[in-house]
Amino acid sequence: MTATPLPYPFWTDEGLGLSTGYAPLRGGPLTRVRLPYGDEAWLATSYEDVRAVLSDARFSLAEALRRDHPRIDPMPRAGGGLIALDAPRHTPLRALLAKEFTARRMEGLRARIVTVADELLDRIEDAGPPADLVEDLSFPLPMTLICELIGVPAADMPAVRAWADVICSGSETPEALEQHGKDFFTRMHGWIEERRRAPADDLLTLLVRAHRDGALTEQELTGLLGELLIAGFVTTTNQIANFFAVLLLPSEARGDGTEWQATLRARPELIPRAVEELLRYVPLLNGLTLPRYARQDVELGGVLIRAGEAVVVSQAAANHDPAVFPDPDRLVLDRPGAAHISFGHGIHYCLGAHLARLELQITLERVTTRLPGLRLAVPERELRWRSREFFSGLKALPVAW
């Protein structure tokens, strides 16, 4: 146990490596930390401990709504969506949506994802190099697909992105967050009213009908809609660009970035495994910590967590636990062995994991096929990274081919 709580998160302001702050903690017992706002907490970093916290019903997410929970931004987290719920209320709401995101249903979107990817790559090729893979591909692809699934008008996509930028920045004032939230939820209620007047074959209609039938409260309706929308594109947008940045940056293992392209073009069957390894390797969650509170005394990894104490987990550190992933800081595109936990674990396992995997696999395959010789268009030192935000990622990724 650390006498003085460590300041947390351990920020990674440049690049996509795991912060050096985790080095003395990886694979070790829980450590006391203090975030910029809210209660002190225990930090779990080992693969075993993180999985245990994520799946143990003795740790409550909903309890954070009643406390000054540890966080990086000044505004306490609001309720309404799945992410704020424990069982038993979580169970029927997840069941309502889970059937819409099964692997079989998402596989039915494969042709549409390929079409969207190819249309974007057509524009990139027509414009000629250089291109910005963030603005030209990694943002519009998942945004288009999740908006189509939900039923959000294409004209409102810029507003959705603006709202996502605000809530993921971790730097807005409470007053600014409140105003942005009012503006966005006014727009969201407009979509809801439109679906009440004119139902369609989309997730928004499903949620509106569930509310009409008494299965959802008004707060749950808007909370679920907001979560689906933001989670449905923000993480994948960042990861598409992050994956290509990792693969294109020169390294001792991959040379100048051309070797992996030749390998994946020659052996496209490796792409699903490559995506899984990239999901493990890239520490996407930078400062996003969703605290869980112990409902009772819990001993975990030799540490006693008292009832009422908060625990935050680092999935990124767990994915680099040397006890589970040999040589964890090395990217091995066909790495065998244990599964990463980038999509979480337990009842809050990412609802959109199948969709995200498809988008990542298809994007990697189409870019590899369509843009042979892809390379960075600027020196590495000129890449602009998101600094001290919830998600690690690039503001832009200039490429040529």
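Just to be sure I understand, how many residues within region 18-33 are modelled with pLDDT under 95 and open to solvent by 40 Å² or more (accessible area, probe 1.4 Å)?
5
Taking interchain pairs and intrachain pairs at least six residues apart, which have beta carbon atoms under 7 angstrom, with the first residue in region 377-390 and more than 20 Å from ALA131 (Cβ to Cβ) and the second of a type in the set (Asp, Glu) and assigned to a loop (DSSP other than H, G, I, E, B)?
Every condition considered, the pairs that remain are SER387/ASP13; ARG388/ASP13.
Return the only residue of GLU365, GLU359 being modelled with pLDDT of 95 or more, open to solvent by less than 30 Å² (accessible area, probe 1.4 Å), in contact with a Pro (Cβ under 8 Å, 6 or more places away or on another chain) and under 18 Å from LEU109 (Cβ atoms). Even if it seems obvious, please write down each step before you answer.
Values: GLU365 fails: open to solvent by less than 30 Å² (accessible area, probe 1.4 Å).
From the options GLU365, GLU359, the qualifying one is GLU359.
Name the residues in region 34-51 that are crowded, with 19+ Cβ neighbours inside 10 Å, closer than 27 Å to ASP327 by Cβ and more than 20 Å from the chain's Cα centre (by Cα), would you?
Hit for region 34-51 is ASP49, nothing else.
With the requirement that a residue be farther than 12 Å from GLY223 by Cα and either in contact (Cβ under 8 Å) with a residue 24 or more places away in the chain or not charged (D, E, K, R) (or both), what does region 187-203 give you? Talk me through it step by step, then tell me what you get.
Step one: filter region 187-203 for residues farther than 12 Å from GLY223 by Cα, giving 187, 190-203.
Once the filter is applied, which keeps residues that are farther than 12 Å from GLY223 by Cα and either in contact (Cβ under 8 Å) with a residue 24 or more places away in the chain or not charged (D, E, K, R) (or both), region 187-203 yields ARG187, GLY190, TRP191, ILE192, ARG195, ALA198, PRO199, ALA200, ASP202, LEU203.
Just checking, does region 288-309 include any residue being farther than 24 Å from ARG66 by Cα, among the acidic types (Asp, Glu) and out of contact with any Asp or Glu (no Cβ under 9 Å at 6 or more places or on another chain)?
no
Could you tell me whether region 262-279 includes any residue that is modelled with pLDDT under 95, open to solvent by 20 Å² or more (accessible area, probe 1.4 Å) and among the hydroxyl-bearing types (Ser, Thr, Tyr)?
For region 262-279, residues modelled with pLDDT under 95, open to solvent by 20 Å² or more (accessible area, probe 1.4 Å) and among the hydroxyl-bearing types (Ser, Thr, Tyr): present.
Which residues, counting only those in region 149-182, are farther than 30 Å from PRO36 by Cβ, in a helix (DSSP H, G or I) and in contact (Cβ under 8 Å) with a residue 12 or more places away in the chain?
Within region 149-182, LEU149, ILE150, ASP156, MET157 qualify.
Which one is least open to solvent (accessible area, probe 1.4 Å) among residues in region 368-384 that are charged (D, E, K, R) and under 10 Å from ALA396 (Cβ atoms)? Before you say what the answer is, go through the steps one by one.
Going residue by residue through region 368-384, those that are charged (D, E, K, R) are 370, 375, 380-382, 384.
Narrowing further to those that are under 10 Å from ALA396 (Cβ atoms): 382, 384.
On the way: GLU382: 99, ARG384: 129 Å².
So, considering only residues that are charged (D, E, K, R) and under 10 Å from ALA396 (Cβ atoms), the one least open to solvent (accessible area, probe 1.4 Å) is GLU382.
Could you tell me which of the residues PHE185, PHE101 is more than 21 Å from the chain's Cα centre (by Cα) and either assigned to a loop (DSSP other than H, G, I, E, B) or under 20 Å from GLY232 (Cβ atoms) (or both)? I'd like the intermediate steps shown before the answer.
Values: PHE101 fails: more than 21 Å from the chain's Cα centre (by Cα).
On inspection, the qualifying residue turns out to be PHE185.
Could you list all residues from region 1-42 that are out of contact with any Phe, Trp or Tyr (no Cβ under 9 Å at 6 or more places or on another chain), part of a strand (DSSP E or B) and of a type in the set (A, V, I, L, M)?
LEU6, the sole residue that qualifies.
Restricting to region 63-84, name every residue that is open to solvent by 30 Å² or more (accessible area, probe 1.4 Å) and part of a helix (DSSP H, G or I).
Passing the criteria: GLU63, LEU65, ARG66, ILE83.
For THR289, state whether it is of a type in the set (S, T, N, Q) and open to solvent by 10 Å² or more (accessible area, probe 1.4 Å). Before you say what the answer is, go through the steps one by one.
On the way: of a type in the set (S, T, N, Q): yes; open to solvent by 10 Å² or more (accessible area, probe 1.4 Å): yes.
Spelling it out, THR289 is indeed of a type in the set (S, T, N, Q) and open to solvent by 10 Å² or more (accessible area, probe 1.4 Å).
Return the pairs, sorted by first residue and then second, in which the second residue is open to solvent by less than 10 Å² (accessible area, probe 1.4 Å) and assigned to a helix (DSSP H, G or I), the first residue lies in region 43-59 and is in contact (Cβ under 8 Å) with a residue 24 or more places away in the chain, the beta carbons are less than 6 Å apart, and the residues are 6+ apart or on different chains.
Every condition considered, the pairs that remain are ALA44/VAL50; ALA44/VAL53; THR45/ALA317; TYR47/ALA318; VAL50/ALA318; PHE59/VAL53.
Starting from residues that are more than 11 Å from ARG375 (Cα to Cα) and modelled with pLDDT under 85, keep the ones in region 242-259 and report whichever is surrounded by the fewest Cβ atoms within 10 Å (Cβ to Cβ).
From region 242-259, those more than 11 Å from ARG375 (Cα to Cα) are 242-243, 246, 251-255, 259; that's our starting set.
Now narrow it down to the ones that are modelled with pLDDT under 85: 251-255, 259.
Details: SER251: 15, GLU252: 6, ALA253: 10, ARG254: 18, GLY255: 10, GLU259: 13.
Of everything passing the filter in region 242-259, GLU252 is surrounded by the fewest Cβ atoms within 10 Å (Cβ to Cβ).
Among the residues of region 332-343, how many are modelled with pLDDT under 95 and open to solvent by less than 20 Å² (accessible area, probe 1.4 Å)?
0
For region 53-62, name all the residues that are open to solvent by less than 60 Å² (accessible area, probe 1.4 Å) and of a type outside the set (Asp, Glu).
Step one: filter region 53-62 for residues open to solvent by less than 60 Å² (accessible area, probe 1.4 Å), giving 53-54, 56, 59-62.
Scanning region 53-62 gives VAL53, LEU54, PHE59, SER60, LEU61, ALA62.
Across region 126-141, what is the total count of residues that are assigned to a helix (DSSP H, G or I) and either touching a helix residue (DSSP H, G or I) at 6+ places or on another chain (Cβ under 7 Å) or among the aliphatic types (A, V, I, L, M) (or both)? Please lay out each step first, then the result.
So in region 126-141, the residues assigned to a helix (DSSP H, G or I) come out as 126-127, 133-138, 140-141.
From the residues that got through so far, the ones that are either touching a helix residue (DSSP H, G or I) at 6+ places or on another chain (Cβ under 7 Å) or among the aliphatic types (A, V, I, L, M) (or both) too are 127, 133-134, 136-138, 140-141.
Number of matching residues: 8.
Could you list, in sequence order, all residues of region 126-141 that are open to solvent by 10 Å² or more (accessible area, probe 1.4 Å), closer than 22 Å to ARG112 by Cβ and under 27 Å from the mean Cα position of the chain (by Cα)?
The answer is GLU135, ASP136, PHE139, PRO140.
The values are calculated or read from the model by the stated rules, or taken from the named source; none is laboratory data. If you're wondering where the values come from, they're calculated on a predicted model, not measured in any experiment. Cβ sites come from the backbone with ideal geometry, for glycine too, and all protein chains shown count toward neighbours. Please note that ligands, DNA and RNA were not included when accessible areas were found on the heavy atoms of the full protein model with its side chains. Shrake-Rupley method; radii C 1.70, N 1.55, O 1.52, S 1.80 Å.
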